[in-house]
Structure formats: C-alpha cells, structure tokens
Amino acid sequence: MKKIKLILVSLFTVAMMLSCDDDGGDSKINLEVGAVPNIVKSETDDLILNLVKIQDGENITIGFSIEMAQGKISSLDLVAFYIKGDGSAEKIVLASNVTTFPTSMTLTKQQLIDKFTVLTDDTDFELGDELIITADLTLANGTLLKLHNDDGSQNYGQDIANSPIYSVAQSYLVACPSDLAGTYSVITSGESTDAGPTPDENPITDYPFTVTLTDKGAGSYEMSDAYGGLYLLWYDMYGITPDHSIATIKDVCGVLSASYKGPFTESVTLSGMVNDDGTLTIHWENEYGDFGDSVYTKN
C-alpha cells in the first residue's frame, strides 16, 4: 500500500511541476513571494515557563527579539498564543504595526497573567501548557500572512519549521528543566507492515543504532533519527532517502512526546519517558501500523 502511495505522490509532483511552470501562453505564471521573520530567545532569560519556580512563587522572565529573515513586509504584529493542555488556545497581540528591526521584548510572569484571560494567578500555569511567540505579517502588497492560525496551529510546512537559518516562532513550555542533549546508544525492536528486503530485516529485534538529540530550547530536541534506525533498514524497499527520519521531541517533566510526518506523509506519534537511571524509553507508531520500541542510553 505504501509503495503504491509513493508512486502516486511522485507522479502528482511531476504533474504539478509541469502544470505550474507555464500557463499555456507566452508568459510565466507570477508566483507570490512570501516573507519569514527570525524570532530568537534571549539566553539570559528563562527558556521555559519553569513550573518549579512558578509553584514556589518565584518570578520568571522571558525575552526575545524579532527581525526579518526573508522577504519584504510593510509591517507585522507580534502575537502570542497561550495553549492549554486540552488544546484550547487564546491569542493576543503583543505589539502592532512593528516596522523597526530588530525589536526586542521581555515579559514577566505577572505580565503574562495580566495579558491572558486564561491566566488569573500562579495556579493557572499547568504542566503541558505552551506559550508560542510568533507574528502576523502584512506583505508589501497588502496581503496578510498569519504564520499560525487563530487556534494556534502552524500555518507553514516542515521545511520552514526545521529551517537552520531562522525561527518563525518560539515555544515556551510550562515544564521542568530538561537536559537530554547528547549522543545515545539505542537498542530498537519493531516491525513494518510491509515485508522487509530480506526475511531477517522484518520484524527487527534488538537492533543497535546511534541517535543524537540536539537541544532546541524549552525542552525540545531535534532527533537525528526518530525511528531508532529502523527505516534505514527499510529504505531500499521504498526507494526513499533518510532525510525523513528527523523529528522534534518534547520533554515535559520527563514525559516525552512528538507528532510528525513520516516518509509517506503519514502521521507518526511518538511517546516515551525519562527513567530514573537517565535512560529513555520511546515508542513510535504510524498510521499504517509500523512501530518501534527503543531504549536510549546516553554515551
């Protein structure tokens, strides 16, 4: 089934490339060029909404700056979303019609409480809540470009989300301090719903691999391989490249989670725990039923 889907996606891509290149006449179709900002956290302020500090009645301060990374705009609104654990989101505008760059801002715990109606005191900061700082852009031609929808969801693709050059949003999790960055020896067992290239490659038992977690701040980490190496064994069967293995995982007080798209644009869900001995146990599964279970031991 996945092989058929890959062929259809490839044919669709070729057809789109051919149809979008020319409008059938002498002129080329004019493609609108967008814009992206670069939002950077202040390293001297809190990088998460530290639940330990908040519960102890201490103040927290977050700081960030914004500048344009690409494209031309007439102005932007600096906006923030407070997303509760149940998925409900409140959006506010922190600054309107910004035209001077870079622009910096700091917010204290009390300022967050004053600005968001969902926050009335310290007890309303709950584990798993998330504060997102991003922007609504007004392009030079007057078009309004919202980087996040009004419900807080991303309005851009993974190529923008994973760009190493700029960050169009910054996330502050209500979480505990996290320190998972490093290189891990990984032992994985799992199974694909398609037969492997050879009988001993599906299912897999105790497959050794190495994965690096790179700190992205606020308890988020980029995984060099989100499948414990299993798809590297299965790539020849599908004819795809290993670029699809990268994903971002979140650590919220020892609970690990991630949602991302797999090599066939299928949905993948990852869950796990940080154990008392420092190892990580991780389970991932996609919508086809492929899955993997891994134990990560930091080198």
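Results, tabulated for the structure shown:
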| item | result |
| --- | --- |
| Filter result for Ser75 (polar (S, T, N, Q), modelled with pLDDT of 95 or more and more than 17 Å from Tyr172 (Cα to Cα)) | yes |
| Qualifying positions in region 30-53 - in contact with a Lys or Arg (Cβ under 7 Å, 6 or more places away or on another chain) and farther than 15 Å from Val168 by Cα | Leu47 |
| Residue that is nearest to the chain's Cα centre (by Cα) [pool: residues in region 250-299 that are over 30 Å from Val52 (Cβ atoms) and assigned to a strand (DSSP E or B)] | Lys261 |
| Filtered residues of region 169-188 (kept if buried (at least 22 other Cβ atoms within 10 Å of the Cβ) and acidic (Asp, Glu)) | none |
| Unique residue being modelled with pLDDT under 90 and either touching an Asp or Glu at 6+ places or on another chain (Cβ under 7 Å) or assigned by TED's automatic domain parsing to the domain that holds Val98 (or both) when the list is Asn162, Asn149, Asn155 | Asn162 |
| Test: residue in region 134-150 that is surrounded by fewer than 16 Cβ atoms within 10 Å (Cβ to Cβ) and among the charged types (D, E, K, R) | yes |
| Check on Ile54, farther than 22 Å from Ser220 by Cα and of a type outside the set (D, E, K, R) | no |
| Tally, over region 113-171, of residues that are small (Gly, Ala, Ser) and either in contact with a Phe, Trp or Tyr (Cβ under 7 Å, 6 or more places away or on another chain) or in a helix (DSSP H, G or I) (or both) | 2 |
| When residues of region 85-99 are limited to those that are under 23 Å from the mean Cα position of the chain (by Cα) and of a type in the set (Val, Ile, Thr), the one nearest to Leu131 (Cα to Cα) | Ile92 |
| Residues satisfying the stated conditions in region 72-112, i.e. farther than 20 Å from Asn155 by Cβ, in contact (Cβ under 8 Å) with a residue 24 or more places away in the chain and in a strand (DSSP E or B) | Thr103, Ser104, Met105, Thr106, Leu107, Thr108 |
| Count of residues meeting criterion [in contact with a helix residue (DSSP H, G or I) (Cβ under 7 Å, 6 or more places away or on another chain) and surrounded by fewer than 19 Cβ atoms within 10 Å (Cβ to Cβ)] in region 266-299 | 1 |
| Where Ser167 falls short, out of the listed (1) in contact (Cβ under 8 Å) with a residue 40 or more places away in the chain; (2) more than 11 Å from the chain's Cα centre (by Cα) | (2) |
| Single unsatisfied condition, Lys91 versus (1) outside the structural domain of Ala258 (by TED's automatic domain parsing); (2) in contact with a helix residue (DSSP H, G or I) (Cβ under 8 Å, 6 or more places away or on another chain) | (2) |
| Failed criterion for Phe125 (all others in (1) within 30 Å of Gly34 (Cα to Cα); (2) surrounded by 12 or more Cβ atoms within 10 Å (Cβ to Cβ); (3) within 24 Å of the chain's Cα centre (by Cα) hold) | (1) |
| Filter result for the condition that a residue is hydrophobic (A, V, I, L, M, F, W, C) and closer than 17 Å to Thr61 by Cα, over Leu131, Leu145 | Leu131 |
| Criterion violated by Ile132 - all others in (1) modelled with pLDDT of 95 or more; (2) farther than 19 Å from Tyr260 by Cβ; (3) of a type outside the set (Lys, Arg); (4) not assigned by TED's automatic domain parsing to the domain that holds Gly292 satisfied | (2) |
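The values are calculated or read from the model by the stated rules, or taken from the named source; none is laboratory data. None of the values given here were measured: they were computed from a predicted structure. Neighbour counts are summed over all protein chains in view; Cβ atoms, including those assigned to glycine, are modelled from backbone coordinates with ideal geometry.
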